[in-house]
Amino acid sequence: MTNNALLVVDVQNDFCPGGALGVSGGTEIIPVINTYIEKFSSRHWPVIATRDWHPVKTKHFKEYGGMWPVHCVRETPGAEFHPMLHLPLTTILVYKGMDPEKDSYSAFHAEDKNGTSLEKILRSLKTSQIWIAGLATDYCVKFSALDARNLGFHVKILIDAVRGVNVQPWDSEHAVQEIVKKGAEIIRSENADEIFEQP
Ligand code: VGL
Ligand code: ZN
């Protein structure tokens with residue numbers, strides 16, 4: 001039997017247009033993500049949401065040697081979920097990017113408020129398949145998908161529910177190719193219903 005979980009990656013104000021590290025098209029994926037969220041919650045399948053949750057000072061930021069402008073500083077409005085995102089109260093919240101010394105992107109480096117890792121959470125839910133949506137295709141989505149595959153999970157990338165930073169214009173495309181090479185499947189929302197209807 002397949003046990004599904006939805007992983008909603010970093011749909012935060014700073015990653016949406018107008019934010020400190022706004023991803024082009026970041027807001028237009030939110031209604032698509034909301035549709036998936038509804039399908040998952042109506043089946044009582046788990047919804048997990050990650051947040052990039054940085055300290056004020058971290059090697060992830062340009063001014064301390066990293067490559068990014070200041071973004072998603074914990075407990076600031078930029079780090080909040082985008083107001084259009086409709087997360088159910090039962091959403092499992094995990095946080096990542098808290099280590100000031102490390103530049104890490106994968107949701108598998110995230111943990112909940114009690115310090116429980118995403119992998120541990122998924123194992124206790126008996127999840128076998130992870131559906132991934134959110135931001136950014138070429139960073140968190142990519143590294144989360146690759147880690148998920150390495151840990152033996154089936155992975156579905158919700159292609160019209162992800163967008164990339166594209167430091168280089170082809171980064172997202174390459175990221176998707178890399179993920180697919182590792183065995184992830186690409187799902188379009190117009191075809192998702194068939195999968196939801198499978199017993
Ligand atoms: C991310 C850039 C900077 C991500 C995080 O989660 O995709 N990208 N920080
Ligand atoms: Zn970040």
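The values are calculated or read from the model by the stated rules, or taken from the named source; none is laboratory data. Keep in mind that this is a model prediction, so the values were computed, not measured. Glycine also receives a Cβ, built like all others from the backbone with ideal geometry; neighbour counts cover every protein chain displayed. Each accessible area value is taken on the protein alone, full model and side chains, heavy atoms only, with ligands, DNA and RNA left out. Shrake-Rupley method; radii C 1.70, N 1.55, O 1.52, S 1.80 Å.
Of the candidates Asp138, Asp103, Asp112, the single residue that is over 24 Å from Gly22 (Cβ atoms) and either within 15 Å of ligand 2 (Cβ to nearest atom) or among the acidic types (Asp, Glu) (or both) is Asp112. Can we say Leu122 is assigned to a loop (DSSP other than H, G, I, E, B) and within 16 Å of the chain's Cα centre (by Cα)? Against the criterion (assigned to a loop (DSSP other than H, G, I, E, B) and within 16 Å of the chain's Cα centre (by Cα)), Leu122 does not qualify. The residue of the stretch 69-100 that is surrounded by the most Cβ atoms within 10 Å (Cβ to Cβ), among those that are away from ligand 2 (no atom under 12 Å from the Cβ) and not in a loop (DSSP other than H, G, I, E, B), is Val94. Considering only residues in the stretch 7-23 that are touching a Pro at 6+ places or on another chain (Cβ under 7 Å) and not in a helix (DSSP H, G or I), the one that is farthest from Asp138 (Cα to Cα) turns out to be Ala20.
Taken together, Pro83, Pro69, Pro77, Pro46 contain a single residue that is touching a Leu at 6+ places or on another chain (Cβ under 8 Å) and closer than 15 Å to Gly19 by Cα, which is Pro69.
Quick check, is Thr35 in contact (Cβ under 8 Å) with a residue 60 or more places away in the chain, closer than 26 Å to Asn4 by Cβ and within 14 Å of ligand 2 (Cβ to nearest atom)? Against the criterion (in contact (Cβ under 8 Å) with a residue 60 or more places away in the chain, closer than 26 Å to Asn4 by Cβ and within 14 Å of ligand 2 (Cβ to nearest atom)), Thr35 does not qualify. Considering Ser104, Ser41, the condition of being open to solvent by 20 Å² or more (accessible area, probe 1.4 Å) and assigned to a helix (DSSP H, G or I) is satisfied by Ser41 alone.
Of everything in the stretch 54-68 that is within 9 Å of ligand 1 (Cβ to nearest atom) and closer than 11 Å to Lys102 by Cα, the residue that is surrounded by the most Cβ atoms within 10 Å (Cβ to Cβ) is His54. Among residues of the stretch 50-66 being part of a loop (DSSP other than H, G, I, E, B) and touching a residue at least 24 places away in the same chain (Cβ under 8 Å), the one that is nearest to Asp112 (Cα to Cα) is Trp53.
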